[in-house]
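Before any comments, here is the structure.
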Amino acid sequence: MILALCGTSEGRELIEKLSKKQLQVLATVTTAYGGKLLKIDLPVEVLEDKLDKEKMTALIEEKKITMIVDVTHPFAENISKLALEISKEKALSYFRYERQETIKEKYQSESILIAEDFHHAADLAKDFDGKIFLTIGSNQLPIFLEKIEANRLVARVLPLWEIIKNCEAYGFTPDNLIAMKGPFNKEINQQMFQSYGASVVVTKDSGSAGGTGEKIAAAEALKIPVILLKRPSISYGETYNNLDNLVNKIASFYEK
């Protein structure tokens, strides 16, 4: 059985392609929402849990996993590092699907400031006057709140009850919290940035599937600088940015 670590739109697409090849897959996600998306019209077993080393090891042994396919978000570095570690310990095949970086050519732009990590991004953001528009998800918001008053931040997050509840606990209110599911096109991003009076936009290099290019284009149209978070540097090993090529590689293992 194949263990597919999901959590992105590409995860569902991968499961669809593997199912057509009659391959057995166990998919894991960290949220009930992610689980619902995978279960729609797909014959796949889905586990909704945040895996640590003990849980992942037990799962591999119980389900007789022979391969790990990592289709997690480019910034989900902890689970990727864990999967790499366990795959080596258990001598399992490990393959990574990685979204292409869509904005490398823009790294030299004067309007884009590159942040090495979230702490660096918060340090850069605090020096701007006015509203700081965050499109980084919800998990790293506390890092920004350590350095910047909540009323200076605007956070755009997924419209999930537990996320909104956490944001309220952090000090966000309906005045500076946007609960909407992206990705958004340039025009919608531009309207939001302008409506909230953004002086700077903070985003992650999540690739085209994450709408990174559209956010940058919207900010550039408004002449607003962008703080762009670089992806974590991880040596994944065998990596693919084309799902069909990855699926063919996986299938070749089970055709032997």
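None of the figures in this text is laboratory data; all of them are computed from the coordinates on show. As the structure is a prediction and not an experimental result, all values here were calculated from the model. Heads up, the Cβs are rebuilt from the backbone with ideal geometry, glycines too, and the neighbour counts pull from every protein chain shown.
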Review point. For residue 36, which lysines qualify as cross-link partners when the Cα separation must be under 27 Å and same-chain residues fewer than eight apart are set aside?
Key: 17, 20, 21, 50, 53, 55, 63, 64, 81, 165, 181, 204
Revision key, fill the gap. Treating only Lys and Arg (+1) and Asp and Glu (-1) as charged, each at its beta carbon, one finds that the chain has a dipole about its Cα centre, in Debye to the nearest 20, of 420 debye
Study note, to complete from the structure: If unit charges are put on Cβ atoms (+1 for Lys and Arg, -1 for Asp and Glu) and the dipole of the chain is taken about its Cα centre, the option from 28, 153, 206 lying farthest towards the positive end turns out to be 28
**Study point:** Surrounding net charge for residue 224, when Lys and Arg each add one and Asp and Glu each subtract one, Cβ distance under 12 Å
**Key:** +2
Check your understanding: How large is the dipole of region 141-256 about the Cα centre if only Lys and Arg carry +1 and Asp and Glu carry -1, each at its Cβ, rounded to the nearest 20 debye?
Key -> 160 debye
Review point. Can you list the aspartates and glutamates whose alpha carbon sits under 17 Å from that of residue 39, skipping same-chain ones fewer than 8 residues off?
Key: 10, 13, 16, 48, 49
